[in-house]
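Inspection log for the structure reproduced underneath, given as structure tokens.
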Amino acid sequence: MAEDPKKDKLYVNTHEIVPDFVFDDRVASVFPDMINRSVPGYATIINMIGTLAAQRIRQGTCCYDLGCSLGAASMAIHSAIEADDVRLIGVDNSPAMLARAKENLAQCTQAPAIELICADIQDVVIQQASMVVLNFTLQFIPAEERSAILNKIYAGMLADGLLVLSEKIVVPNDTAQQLFTEMHHGFKKAQGYSDLEISQKRSALEDVLIPESLTAHIDRLKGVGFSTVEVWFQCFNFVSLLAIK
Ligand code: GEK
């Protein structure tokens with residue numbers, strides 16, 4: 001049977017040395033399969049971002065999808081909202097991701113158009129935002145730079161604006177951390193990944209994806225000024241929070 005070019009097989013073969021994970025063309029070409037089979041609840045989170053957007057995005061405002069990858073959240077937002085006088089802005093610093101996002105977004109022919117910006121999210125100006133999405137992106141930013149980004153997002157949001165922050169987390173309790181890690185690996189095995197693929201991907205991400213505890217995220221969001229901070233989704237060590245200005 002012919003190989004499916006969209007199936008993630010990046011870590012099927014043994015690597016002598018596993019290089020650090022990068023968002024290059026090889027990753028972009030299999031990204032939907034990779035993220036759906038690696039992040040438990042990813043499809044639900046994307047759908048619910050659409051539901052949240054329908055309730056929160058207001059006419060005449062902006063919505064930012066920071067670290068938009070192939071534009072899955074932007075497309076969910078686009079199809080869920082009724083407002084048409086809205087700026088939907090997707091940002092990613094991987095040209096390979098954005099090239100594919102552009103192809104995907106060609107399906108979204110109705111207003112509003114989705115603007116794509118190839119830039120580091122640290123350099124993007126946020127303004128008039130009724131909604132900002134950081135769906136599994138902040139974890140790739142060095143920990144010491146995360147507060148500055150959240151401060152900037154907060155400053156660029158309208159009163160009552162909504163931030164969705166999804167992250168892989170660590171759990172301070174060792175037993176629970178081990179249990180969640182095993183459950184996540186069990187999920188990946190059930191999705192067809194081998195032990196070799198799971199362990200090589202983990203090595204590739206080790207210095208690239210830096211997870212923090214749920215408390216660290218909640219404390220930072222409250223410290224930045226968000227008045228309401230709640231977990232709305234959790235599956236094992238994957239959470240999504242909503243924060244309201
Ligand atoms: C989704 N939100 O499908 N500036 C801009 N983009 C960045 C930066 C940065 N500093 N660092 C990483 N990225 C998406 C999934 S994936 C999550 C997000 C994952 C981008 C990076 O290029 C990649 O596209 C994305 O953040 C992270 O809902 O792969 O686990």
**Dimensions in Å of the range 59-133 - Rg and Dmax from alpha carbons** = 11.3, 32
**Fill in**
For the chain, shape from the Cα gyration tensor axes a ≥ b ≥ c, cut at a/c of 1.5 then a/b versus b/c, turns out oblate
**Asked** With r defined as the distance between the Cβ atoms of Lys102 and Leu209 and R0 fixed at 22 Å, what FRET efficiency is calculated, to the nearest 0.05?
**Response** 0.30
**Asked** Which entries in Lys9/Lys168; Lys188/Lys222; Lys6/Lys245; Lys6/Lys189; Lys201/Lys245; Lys6/Lys222 show an alpha-carbon gap greater than 30 Å?
**Response** Lys188/Lys222; Lys6/Lys245; Lys201/Lys245; Lys6/Lys222
**Request:** Among Ile121, Ile198, Ile45, determine the one that fluctuates most according to a GNM of the chain built with springs between C-alpha atoms less than 10 Å apart.
**Result:** Ile198
**Cα centroid of the range 183-245 to Cα centroid of the range 108-134, whole Å** = 23 Å
**Asked** Roughly how many nanometres apart are two label points built 7 Å out from the Cα toward the Cβ at Asn47 and Gln234?
**Response** 2.2 nm
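Can you put Leu88, Leu163, Leu158 in order, fewest other beta carbons within 10 Å first?
On the way: Leu88 28, Leu163 24, Leu158 16.
Neighbour counts put them in this order, fewest first: Leu158, Leu163, Leu88.
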**Request:** For helix 95-105, report the angle its Cα long axis makes with the longest principal axis of the Cα atoms of the chain; keep it between 0 and 90° and round to the nearest 10°.
**Result:** 60 degrees
**Item:** Simple label model, 7 Å out from Cα along Cβ direction - Val125 to Ser194, nm
**Value:** 5.2 nm
**Prompt:** Say we join alpha carbon atoms closer than 10 Å with springs in a Gaussian network model of the chain; which of Gln122, Gln107, Gln234 then has the biggest fluctuation?
**Reply:** Gln107
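Computed from the coordinates by the stated procedures, all read-outs in this text should not be read as laboratory data. Predicted model, so just to flag it, every value in this text is computed and none were measured. Cβ coordinates were reconstructed from backbone atoms using ideal geometry, including for glycine residues, and neighbour counts include every protein chain displayed.
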